[in-house]
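First the structure, in the form of structure tokens, and then the observations on it.
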Amino acid sequence: MKTISLKFYIFLSLIFFLKALTNEAFSQKVFSCDSKYDADIKVFVCDSKYDADLWVYKVSSSYDVNNDGLWFFCDNKYDAKKKIYFVDSKYDADLLIFFVESKYDAKWNDMSKKYLIY
């Protein structure tokens, strides 16, 4: 009985470790830079979701993020996985986004740009 319990706890620990590692590796915690030269990605916010590459929902917790449009905006650039700069023209942007009202609407509209946030 003691051996089964120990194996079970080791298995659970491994599951939680892998889950934490996966979340951290693929999370989209972003920081909005003041300079385009400090940014990893230049982003333009579209007026229409059909013009955007990615439909983004701004989450309130860093634990809710993912690479499919759930973004958490960090207060510190060192906590962020990606530094972004908002440009005024879509022609200057690497990625076009649209902010959606529901986290269930967040998704990629153009999967070819997905490499930008990995």
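Throughout, read-outs are computed from the coordinates displayed, never taken from laboratory work. The structure displayed is predicted, hence computed values, not measured ones. Reconstructed Cβ throughout: ideal geometry from the backbone, glycine too, with neighbour counts over all protein chains shown.
Pairs, please: C-beta under 9 Å, at least 6 apart or cross-chain, first residue hydroxyl-bearing (Ser, Thr, Tyr) and in region 61-76, second outside any loop (DSSP other than H, G, I, E, B)? Correct list of pairs: Ser61/Phe72; Ser62/Lys29; Ser62/Phe72; Tyr63/Asn23; Tyr63/Phe72. Note on region 89-100: among residues that are in a loop (DSSP other than H, G, I, E, B) and in contact with a Phe, Trp or Tyr (Cβ under 8 Å, 6 or more places away or on another chain), the one that is surrounded by the fewest Cβ atoms within 10 Å (Cβ to Cβ) is Ser89. On the stretch given as region 43-87, residues that are assigned to a strand (DSSP E or B) and either in contact with an Asp or Glu (Cβ under 8 Å, 6 or more places away or on another chain) or more than 18 Å from Phe98 (Cβ to Cβ) (or both) total 11.
Within region 37-48, the residues that satisfy the criterion of being of a type outside the set (Asp, Glu) and crowded, with 16+ Cβ neighbours inside 10 Å are Ala39, Ile41, Lys42, Val43, Phe44, Cys46.
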